[in-house]
Amino acid sequence: MSATTATERVVIFDTTLRDGEQSPGISLDVGEKLEIADQLARLGVDYIEAGFPIASQGDFDAVHAIAKSVRGPVICGLSRTAHKDIDRCWEAIEPAEKRRIHTFIATSPTHMEHKLRMSPEQVLAEAISAVSRAREYTDDVEFSPEDASRSDFDFMCDVLQAAVDNGAGTLNIPDTVGFAVPDEWAERIRAIRERVSGDYVISTHCHNDLGLAVANSLAAVTAGARQVECTVNGIGERAGNAAMEEIVMAIRTRSEQFPDIEVGIEISELARSSRMVSRLTGYPVQFNKAVVGRNAFSHEAGIHQHGVLNERTTYEIMDPQAVGAGESKIVLGKHSGRAAFKDTLHKMGIEIQGDALNAAFTRFKELADRKIQLTDADLEALVAEELGGPIHHEYELVSLDVRGGTVNTPAADLVLQVAGQRVEVSATGDGMVDASCTAIKQATGVDGRLTDYSVMSVTGGVDALADVTLSFESSDGVKVSGRGLSTDVVEASARAFVAALNKIARVRASGEDPNAVDRPGHLG
Ligand code: KIV
Ligand code: ZN
């Protein structure tokens, strides 16, 4: 007979729109917050902390708009302990289908003395009064003793006990200044659980000042926390909050370390959420960021590339497709090996063997040693030298003239060489890049959709080179990527698109099964 153990859910409480928005320089308008909130709902978070309604009219409006339209997650608003804060918070979240009030007051000596200028007795009274007021509005009340990691344990527990006794159902323990280390944090969570009696969920809210926010959050889960407060991409005050994607993937990937724990997140939406938050906040995602960084599934070293080409799991503990990050990338650079070089050429529709391959590989290594950015064109040129003739290009960009702005419909006039014939087309689009791509599709007759598009600046400054990489899937299912460099973003995009369509033409000319050709290769 085998005993069955119940699975416990770790509630994901997303605070991207509240603590995340408190990052220096981030200011989201109502429309942007709604867009992110809709995505958080698709991602399946349990709670959205939508803002701090008393903080400003804009914050109130955003929380109110989210409460009115976003369905699925519980909508939460933050408030200090003053009744006017709590009343305003309730007003903002009232239209939501499910609502929570989160109220907080600091319990550490330094905050009580220098910030609140209150005695511990006053802080205790404030906590009781705030929780009681919030409970007049809703059964779902969360209380946080701010700066818990630097608070006197006994006093903090007295405040927590009073919060539970007056109706708080969630006790959130914040490491407000990112001061804790994992073992100590786990111990504190366990000790609170033992000391504070009653029916409540224990939550953790960790900041990243020492780079330990995710580690501390996971330690808290191990110690019994069943709610984790976190943000997409780990954005937040100073060094940020715990990154949601890292917490979720750690619990999923190392499930044996978190027995009988589940998180209800739709992980295939993680990468999209990360991109959206980065785009709307203007905060870039660091290249080597776990789970969602552009290099998280890229391999440059020859030994790693060889391993991944044979079997992805040799160097990947997560499946990039499962988190919506596309496919593993083989990045050609000076550390790459022959297998990756040959594979990348194959995926560009270029077959090369024997001595020609050896010679091209030697030339590639020389070039990669000197040049950081290797483009498809660089590769084609060196292979062409070894093969004694140019690589066939079905399409060549002759000229591109674009118009845009805030008044006229964006338009592009394109001249393309198609199989040696000059083709001229004009097209309009949502923007100049869209107009150019539409013109290229018309000129080549290749239809399909862009599945990925990214622009990077190769150097800083306004004269920086734009480096565009895109992925395209033709309507008959051939998937290719293309890359283009130019000082002009629209031209770089057009070059990347033409490069991608040239690969389709080569693949078709080689008679290969288009669906067998998938192109993770990104030359960099
Ligand atoms: O970091 C913190 O203490 C907070 C509280 C409001 C929970 O963000
Ligand atoms: Zn915080």
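With a bin width of 10 angstrom, please list the P(r) values of the stretch 37-154 as percents of all Cα-Cα pairs, from the 0 bin to the one holding the largest distance.
Reading upward from the zero bin: 15, 41, 30, 13, 1.
Can you give me the relative contact order of the stretch 8-281 as a percent, contacts being Cα pairs under 8 Å and 6 or more apart?
Values: 621 pairs, mean separation 57.1, N = 274.
Reported relative contact order: 21 percent.
Taking θ as phi - 60°, what are the ³J(HN,Hα) couplings along the stretch 420-427 by the Karplus curve (6.51, -1.76, 1.60), each to the nearest whole Hz, with x for Gly and Pro?
x, 9, 7, 10, 10, 9, 10, 8
Evaluate the charge dipole of the stretch 395-516 about its Cα centre and quote only its size in Debye, nearest 20, assuming +1 on the Cβ of each Lys and Arg and -1 on the Cβ of each Asp and Glu. Intermediate values should be presented prior to the final figure.
On the way: 10 positive and 16 negative charges, 44 e Å.
With only Lys, Arg, Asp and Glu charged at Cβ, the dipole is about 220 debye.
Note down the relative contact order for the stretch 395-516 as a percent, whole number, built from C-alpha pairs under 8 angstrom at least six residues apart.
Numbers: 266 pairs, mean separation 21.3, N = 122.
For the stretch 395-516, the relative contact order is 17 percent.
Contact order normalised by length for the chain, with contacts defined as Cα pairs under 8 Å and 6 or more residues apart; what percent is it? Intermediate results must be reported in sequence, preceding the final value.
Values: 1100 pairs, mean separation 50.2, N = 524.
About 10 percent, as a whole number.
Compute the orientation-averaged projected area for the chain from the convex hull of its Cα atoms and round it to one decimal in nm².
Values: hull surface 118.0 nm².
The Cα convex hull of the chain, projected and averaged over all directions, gives 29.5 nm².
Could you pull the Rg and Dmax for the stretch 11-79, using just the Cα atoms, both in Å?
Over the stretch 11-79's Cα set, Rg and Dmax evaluate to 10.6, 30 Å.
Work out how much length ARG195 to ASP319 would gain on full extension: take 0.36 nm times their residue separation and subtract the Cα-Cα distance, in nm to one decimal. Write down the numbers at each step before the final one.
Numbers: separation 124, 0.36 × 124 = 44.64 nm, distance 4.15 nm.
Full-extension gain reported as 40.5 nm.
List the residues, sorted by chain then number, that are 5 or more residues from VAL11 or on another chain and whose placed amide H is less than 5 Å from its amide H.
Counting only residues 5 or more places away or on other chains, the set is GLN227, VAL228.
Over all alpha-carbon pairs in the stretch 179-314, figure out the percentage whose distance exceeds 21 Å. Can you show the working numbers first?
Details: 4558 of 9180 pairs.
When every Cα pair of the stretch 179-314 is considered, 50 percent fall beyond 21 Å.
ARG117 versus ARG312, label points 7 Å from Cα toward the beta carbon: distance in nm?
Distance between label points: 6.0 nm.
Calculate the spin-label point distance for ALA377 paired with THR222, positioning each point 7 Å from the Cα along the beta-carbon direction, and give it in nanometres.
Rounded to a tenth, the inter-label distance reads 5.2 nm.
Quick one: go through the stretch 208-224 and flag any residue whose amide nitrogen is under 18 Å from the point 7 Å out along the Cα-to-Cβ line of GLN257.
211-224
Assuming 0.890 mPa s and 25 °C, estimate D for the stretch 298-387 with Stokes-Einstein, Rh taken as the Kirkwood radius over Cα pairs, in µm²/s. Numbers along the way, then the final one.
Values: Rh = 13.6 Å.
Calculated translational D: 180 µm²/s.
Quick one: Cα convex hull volume of the stretch 8-281, Å³ per residue?
Working: hull volume 30.5 nm³, N = 274.
It is 111 Å³ per residue.
Report the charge-dipole magnitude of the stretch 264-345 in Debye, nearest 20, computed about the Cα centre from +1 at each Lys and Arg Cβ and -1 at each Asp and Glu Cβ. Write out the running numbers ahead of the final one.
Values: 10 positive and 8 negative charges, 75 e Å.
Approximately 360 debye in magnitude.
For the stretch 220-300, state the semi-axes of the equivalent ellipsoid (square roots of 5 times the eigenvalues of the alpha-carbon gyration tensor), sorted largest first and rounded to whole angstrom.
Values: eigenvalues 104, 49, 25 Å².
Largest first, the stretch 220-300 gives 23, 16, 11 Å.
Taking a threshold of 21 Å on the Cα-Cα distance, which of the pairs LYS33/LYS84; LYS289/LYS365; LYS289/LYS347; LYS334/LYS479; LYS441/LYS479 fall above it?
Details: LYS33/LYS84 24 Å; LYS289/LYS365 28 Å; LYS289/LYS347 27 Å; LYS334/LYS479 26 Å; LYS441/LYS479 15 Å.
The pairs that break the limit, which is 21 Å between Cα atoms, are LYS33/LYS84; LYS289/LYS365; LYS289/LYS347; LYS334/LYS479.
On C-alpha positions alone, give me the angle between the axis of helix 30-43 and the longest principal axis of the chain, in degrees, nearest 10.
The answer is roughly 90 degrees.
Quick one: what are the phi-derived ³J(HN,Hα) couplings along the stretch 172-179, Karplus 6.51/-1.76/1.60 with θ = phi - 60°, whole Hz, x for glycine and proline?
So the Karplus estimates, Gly and Pro as x, are 9, 9, x, 9, 4, 10, x, 9 Hz.
I need the phi-derived Karplus couplings for the stretch 474-481: 6.51 cos²θ - 1.76 cosθ + 1.60, θ = phi - 60°, integer Hz, Gly and Pro marked x.
With the stated coefficients, the stretch 474-481 comes to 6, 5, 9, x, 7, 10, 9, 10 Hz.
What number do you get for the stretch 395-516 when its Cα radius of gyration is normalised by 2.2 N^0.38 Å, N = residues? Please report the intermediate quantities before stating the final value.
Numbers: Rg = 14.3 Å, N = 122, 2.2 N^0.38 = 13.7 Å.
For the stretch 395-516, the normalised Cα radius of gyration comes out at 1.05.
When the Cα centres of the stretch 1-65 and the stretch 162-238 are compared, how far apart do they sit, in Å?
Here the answer is 17 Å between Cα centres.
Report the extension gain between SER27 and HIS335 in nm, rounded to one decimal, defined as 0.36 nm multiplied by the number of residues separating them, less their alpha carbon distance.
Contour length minus the Cα-Cα distance gives 106.8 nm.
On C-alpha positions alone, give me the angle between the axis of helix 354-370 and the longest principal axis of the chain, in degrees, nearest 10.
50
Give the whole-number value, in cubic angstrom per residue, of the convex hull volume spanned by the C-alpha atoms of the stretch 136-247. Walk me through the numbers before you get to the answer.
Details: hull volume 10.7 nm³, N = 112.
Output value, Cα hull per residue: 96 Å³.
We did not get these values from a lab; they are worked out from the coordinates using the rules stated. Quantities reported herein were computed from a predicted structural model and do not represent experimental measurements. Note that we place each Cβ from the backbone using ideal geometry, even for glycine, and neighbour counts take in every protein chain shown.
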